[in-house]
Amino acid sequence: MSAYKILLLPGDGIGPEISAEAEKVIDFLGRAGVASFEIERGLVGGAAYDVHGVAISEGDMALAQAADAVLLAAVGGPKWDGVPYDVRPEAGLLRLRKDLGLFANLRPAICYPALADASSLKRELVDGLDIMIVRELTGGVYFGEPKEITDLGDGQKRAVDTQVYETYEIERIGRVAFELARKRRNKVTSSEKANVMKSGYLWREVVTALHKREYADVQLEHMLADALAMQLVRWPKQFDVVVTDNLFGDMLSDEAAMLTGSLGMLPSASLGAADANGKRKAMYEPCHGSAPDIAGKGVANPIAMIGSLGMAMRYSFDNPKAADAIDAAISGVLGKGLRTADIKGDAPASISTREMGDAIVAELKTIL
Ligand code: NAI
Ligand code: MG
């Protein structure tokens, strides 16, 4: 069995605490003979800035390029508020995304039955919810040129952002969505504003052609992004895979995340293009940030981080069995009423970050 190379980047705030719990799960999977791993450790964000003066060092970038998967916890915090723009903690994330070519951001919104009452929606609308938002991550209005502010004189300025998409960018993200749907409930909802944006018009045209050519077996629907925002809170279970651009994906994935009621629960994957052997560069991270308000207290919820490792098992390590086992272990501990403080709800008491990690490993032992 060849070993999978993981670069672990704990980062800042609660990052090191939740990383340690993901490492427990990695160790367990190794000992159980599920897969073998080689772990490298690096610095990102404020942690890298404090040592190297940059948000990620060239050495750690080289490790990221060589890894089968990067597992990152979180970056940022008030300590680095004043640092120069190009070395601020978030610059480490952007550098990783850009240099690894991570164009596909996968954000599941999963509502575990045991937590359905934490949602802002009624239990029956979200209980068992499992949707996957696929957001294009390296193109669109955040990157398009021109992007500038011009001084017009007389106190007036003009700001321009430009949304640009080319056929190949839409095709490759569309492909990711269709492939995912085939392994799920076989439905893709593609979203843009084809009615008012040229880039949206092209998006719809390209996705439609790709579907007809290669994925006619998958159910495809198109939905304008504003309508989708509405439908997500009206009847979210109608969706399986949603594919959309960088800007709409940013908002819709945050909206979908809140349906589940708990930021500390949600993992994500960012994938690059497949090489000739079908291997993709990939980075896995929780959707939440570094939670400076609770850092160092040992109370952070490690589930999003452990769920991110689960996604790595599925999308980088070709081990859906281990991924399913991790999901089942998370569901299992929640079903037993174990809760960290952020998801405590009406539970009588909460457990620590470490206790949650240990409980998930114990549950995994009964599954694998
Ligand atoms: P945040 O996600 O760090 O925290 C929002 C709230 O959720 C806080 O009350 C926090 O305690 C809680 N929370 C988040 N994750 C949790 C967990 N695993 N367990 C228990 N509670 C949890 O977002 P915020 O406060 O806006 O940002 C804090 C810092 O994180 C900032 O410096 C921000 O730039 C950075 N950030 C980093 C991200 C990343 O690394 N990808 C993403 C978002 C923010
Ligand atoms: Mg966002």
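The table below gives the values:
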{"quantity": "Single unsatisfied condition, V34 versus (1) over 27 Å from K297 (Cα atoms); (2) part of a helix (DSSP H, G or I); (3) not basic (K, R)", "calculated": "(2)"}
{"quantity": "Test: residue in the stretch 126-134 that is buried (at least 22 other Cβ atoms within 10 Å of the Cβ) and within 21 Å of D275 (Cα to Cα)", "calculated": "yes"}
{"quantity": "Sole residue being farther than 19 Å from I39 by Cα, modelled with pLDDT under 95, within 15 Å of ligand 1 (Cβ to nearest atom) and of a type in the set (V, I, T), chosen from I303, I294, I343", "calculated": "I343"}
{"quantity": "The stretch 111-154, subset over 30 Å from E166 (Cβ atoms) and among the acidic types (D, E), residue farthest from the chain's Cα centre (by Cα)", "calculated": "D154"}
{"quantity": "Odd one out for S19, checked against (1) among the polar types (S, T, N, Q); (2) outside any helix (DSSP H, G or I); (3) at pLDDT 95 or above", "calculated": "(2)"}
{"quantity": "Residues located in the stretch 224-260, provided they are surrounded by 20 or more Cβ atoms within 10 Å (Cβ to Cβ) and either free of Cβ contacts under 8 Å to residues at least 24 places away in the same chain or not in a helix (DSSP H, G or I) (or both)", "calculated": "F239, V241, V242, V243, T244, D245, T260"}
{"quantity": "Residue count, the stretch 334-361 (criterion: more than 23 Å from the chain's Cα centre (by Cα) and assigned to a loop (DSSP other than H, G, I, E, B))", "calculated": "12"}
{"quantity": "Any hit, the stretch 49-68, residues being surrounded by fewer than 22 Cβ atoms within 10 Å (Cβ to Cβ), in contact (Cβ under 8 Å) with a residue 12 or more places away in the chain and closer than 20 Å to L364 by Cβ", "calculated": "no"}
{"quantity": "Contacts under 6 angstrom Cβ, first residue in the stretch 297-309 being over 19 Å from A69 (Cβ atoms) and in contact (Cβ under 8 Å) with a residue 60 or more places away in the chain, partner of a type in the set (S, T, Y) and more than 16 Å from ligand 2 (Cβ to nearest atom), 6 or more apart", "calculated": "G298/S352; G298/T353; A300/T353; N301/T340"}
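The values are calculated or read from the model by the stated rules, or taken from the named source; none is laboratory data. As the structure is a computational prediction, the values presented were derived from the model and not from experiment. A quick note on method: Cβ atoms are made from the backbone with ideal geometry, for glycine too, and the neighbour counts reach across all protein chains shown.
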